[in-house]
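Working notes, structure below.
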Amino acid sequence: MFLYREDAASGAWVIPQASHSWLAWQLASHWGNRRFPRPVPRAECGAAVLLHDCGWTEYDVAPAIDSEGRPVTFDRMAVVEHLDIWRASVARTAIHSRYASLLVAAHFADLAQRKASDLLASGDTAGARLTQAFRAEMERLQDGWIEELEIDARYDKALEGEGRKINAAVLAACDLISVMLCASIPFTIPVHGVNSTSKIEELKITSVEERVFKMSPWPFEGTRIKVHCEGRHLRTIRFSSLEVFHETLMRSRIERLDFEFVRPGSV
């Protein structure tokens, strides 16, 4: 769950993880041009982006609040609960496609490595050990799926090397861009893409106006794209009880939040 806030007066929009993933999928569906290759196989890669957070469904239906009455967003959850949701996301994606789930497992393994480092830095050694164990679990799953899929010609160029690198980068980039949009975080975290020469390039994103951004170099087809997600609008983000929070969520209106990316130099 994300909280999107434009300013103090506007309140906030509660955006489910599923809608965040849908926004990421919209970005991925436009990805690719002469400079940045499209992900292949396209169906499985699109599924990985769309389904990578499907383990959040139950939490999004009944999200929690903290001791101060604020909604608990994805970045403020208990470590065990967060890892269990990642684990469920991988398992549910595998029902659709083993290759899609391989990409998701690898994506979470990378995120887990960073999460473990952050936990160690904050002194949470127990949480770091759990996260490191989760990362090892994701790597074992990947090894198993690679062994199963390497006999299938469809995945010849996608299990290792440049093909896998491109696909992983598209998932990571689209997920990160969507996270920063949905959480109204400034684009200060580097976003990367893999170009046609297999080199990693940083995609610099700058704000043009509210919900409109420029990106350079340009990784999408065309000269501009529009994407959106949906969220429930809240006038306040503090609640006296969990019951009040859930009732307010159910009664709040659902709104579409639109975002636009423009290629520099285009009209």
Considering only the stretch 74-85, state which residues are touching a Phe, Trp or Tyr at 6+ places or on another chain (Cβ under 6 Å) and within 12 Å of TYR59 (Cα to Cα).
ILE85
Just the residues that are polar (S, T, N, Q), over 19 Å from PRO219 (Cα atoms) and surrounded by fewer than 18 Cβ atoms within 10 Å (Cβ to Cβ), please, taken from the stretch 1-41.
SER10
For the list (1) outside any loop (DSSP other than H, G, I, E, B); (2) touching an Asp or Glu at 6+ places or on another chain (Cβ under 8 Å); (3) in contact (Cβ under 8 Å) with a residue 40 or more places away in the chain, I need the number of the one condition that ARG256 fails.
(3)
Which numbered condition trips up PHE245, out of (1) buried (at least 17 other Cβ atoms within 10 Å of the Cβ); (2) within 24 Å of VAL191 (Cβ to Cβ); (3) over 23 Å from the mean Cα position of the chain (by Cα)?
(2)
Hits in the stretch 64-73 - residues which are surrounded by fewer than 18 Cβ atoms within 10 Å (Cβ to Cβ) and touching a helix residue (DSSP H, G or I) at 6+ places or on another chain (Cβ under 8 Å):
ALA64, ASP66, GLY69
Go through (1) in contact with a strand residue (DSSP E or B) (Cβ under 9 Å, 6 or more places away or on another chain); (2) surrounded by 13 or more Cβ atoms within 10 Å (Cβ to Cβ) for GLU202 and report which single condition fails.
(2)
The stretch 74-103: number of residues that are of a type in the set (Val, Ile, Thr) and out of contact with any helix residue (DSSP H, G or I) (no Cβ under 7 Å at 6 or more places or on another chain)
1
Inside the stretch 1-87, counting only helices (runs of 4 or more DSSP H) that do not spill past its ends, which hold 1 or more residues that are within 30 Å of GLY123 (Cα to Cα) and of a type in the set (Phe, Trp, Tyr)?
57-61
Among the residues of the stretch 91-105, which ones are farther than 13 Å from GLY46 by Cβ and surrounded by 22 or more Cβ atoms within 10 Å (Cβ to Cβ)?
SER101, LEU102, ALA105
Among all residue pairs at least 6 apart or on different chains, which show Cβ distances below 9 Å where the first residue, located in the stretch 1-15, is among the hydrophobic types (A, V, I, L, M, F, W, C) and the second is exposed (fewer than 14 other Cβ atoms within 10 Å of the Cβ) and at pLDDT below 75?
ALA12/GLU6; TRP13/GLU6
Taking the stretch 201-237 as the search range and keeping residues that are of a type in the set (Val, Ile, Thr) and closer than 20 Å to SER29 by Cα, which one is farthest from the chain's Cα centre (by Cα)?
THR223
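How many residues does the stretch 25-37 contain that are touching a residue at least 40 places away in the same chain (Cβ under 8 Å) and more than 17 Å from CYS182 (Cα to Cα)?
Our first condition is that a residue be touching a residue at least 40 places away in the same chain (Cβ under 8 Å); within the stretch 25-37, this holds for 25-28, 30-37.
Applying the additional criterion that residues be more than 17 Å from CYS182 (Cα to Cα) yields 30-37.
Of the residues in the stretch 25-37, 8 are touching a residue at least 40 places away in the same chain (Cβ under 8 Å) and more than 17 Å from CYS182 (Cα to Cα).
From the list ASP118, ASP143, ASP175, which residue is assigned to a helix (DSSP H, G or I), more than 17 Å from the chain's Cα centre (by Cα) and closer than 24 Å to LEU203 by Cβ? So that I can check it myself, show each step before the final result.
Details: ASP143 fails: closer than 24 Å to LEU203 by Cβ; ASP175 fails: more than 17 Å from the chain's Cα centre (by Cα).
None of the other options fit; the residue is ASP118.
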Output yes when any residue across the stretch 147-165 is of a type outside the set (Val, Ile, Thr), over 23 Å from the mean Cα position of the chain (by Cα) and buried (at least 21 other Cβ atoms within 10 Å of the Cβ), and no when none is.
yes
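The values are calculated or read from the model by the stated rules, or taken from the named source; none is laboratory data. On a predicted model such as this, the values are computed, not experimentally measured, just so you know. As a convention, Cβ positions derive from the backbone with ideal geometry for all residues, glycine included, and neighbour counts pool all protein chains shown.
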